[in-house]
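Below: one structure, written as structure tokens.
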Amino acid sequence: MMIEATSIAERIEQLPLGRFHRRFIALVSLGNFFDLYDIFVVAYIGAALQQSGFLSLKQFTFFVASGFLGMFFGTIVFGMGSDRAGRRRAFVSLLLIYSLFTLACAFAPSATWLIVLRFFAGAGIGAEIIVIDTYVTELVPSRARGRYVAITQVVGFCAVPVAAVMARLLVPTHFLFAGWRWVMVVGGSGALLTWWFRRRLPESPRWLASRGRLGEAERVISQLEAESFGDRIGRAGETPAQGSSGTNTTTPKTDQAEPASFAELWRRPYLGRTTMLILFQTLQTIGFYGFANWLPRSC
């Protein structure tokens, strides 16, 4: 029987929460931790950058702005690019991008280089945050989706006090080079470590099915079922939709999900929701991320 996108989604919903989901959410949360570390650490090293003479006040404003400008472009370009490249590939690639550029920032030879490199690091960070939420939504059953997204946020925002403590401990040091550079090395190196662990993550079966790659989606979902339901099910080749005879016992689905266009967001019934979310995200960015980056410097 032809494997259909609807059956893939149903089988994801039927997966019991187990070690795969715990491992998955731990790795995703760790990545989100370093995303937010990189965003908020700028505020805590700002004074050191200016006191050391590496950046003037004007250059520091460009440094902060370049990161957010990079996040804006990264979210649009790379965030939407994950719809074509795949969740896992985008996830790992973006993590590698912002890790390398954050490390490059730590060794920037001049203010100009630091500002430019921060733009590219921001592009990776901004898109990564978007891909994380999409990835979790597609791989976690709906009954636990809100809880698991909340876990990634809680773990991620633990990076804010950690960034402050790391800056307090490392900025006064001058081992080999200025302490603010060590603070950025920690962020970049930690994300690289996360990237190494994430090689074990699967592609989203929902995304594979939406691209017509149903054979690959079947292989991934079968592996997840084998791990989630136990070795016995894996050896027997059974899934929740199969009986012991190996024949499908559920009613076949004949309706395929139709891809939605971007323009659909601007038509009823989604226009009001789209507008509300745009306003919310704009105010959140200004009031939260902007406030957190500028307030420490103004105090």
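The values are calculated or read from the model by the stated rules, or taken from the named source; none is laboratory data. As the structure is a prediction and not an experimental result, all values here were calculated from the model. Methodologically, a virtual Cβ is constructed for each residue, glycine included, from the backbone with ideal geometry; neighbour enumeration extends over all protein chains shown.
Just one residue in the set S93, S29 is buried (at least 19 other Cβ atoms within 10 Å of the Cβ), without any contact (Cβ under 8 Å) to a residue 60 or more places away in the chain and hydroxyl-bearing (S, T, Y); that residue is S93.
Given region 171-235, what helices (runs of 4 or more DSSP H) lie entirely inside it while holding 2 or more residues that are in contact with an Asp or Glu (Cβ under 6 Å, 6 or more places away or on another chain)? Let's see the steps before the verdict.
On the way: elements: 179-197, 205-210, 214-229.
Of the helices (runs of 4 or more DSSP H) lying wholly inside region 171-235, those with at least 2 residues that are in contact with an Asp or Glu (Cβ under 6 Å, 6 or more places away or on another chain) span 205-210.
In region 139-153, the count of residues that are at negative phi, free of Cβ contacts under 8 Å to residues at least 24 places away in the same chain and β-branched (V, I, T) is one or more.
Return yes when L114 is within 25 Å of V171 (Cα to Cα) and modelled with pLDDT under 90 and no when it is not. Against the criterion (within 25 Å of V171 (Cα to Cα) and modelled with pLDDT under 90), L114 does not qualify. The residue of region 131-147 that is surrounded by the fewest Cβ atoms within 10 Å (Cβ to Cβ), among those that are assigned to a helix (DSSP H, G or I) and touching a Leu at 6+ places or on another chain (Cβ under 9 Å), is R143. One residue stands out among those in region 105-125 that are among the small types (G, A, S) and in contact (Cβ under 8 Å) with a residue 40 or more places away in the chain: the one that is surrounded by the most Cβ atoms within 10 Å (Cβ to Cβ), which is A121.
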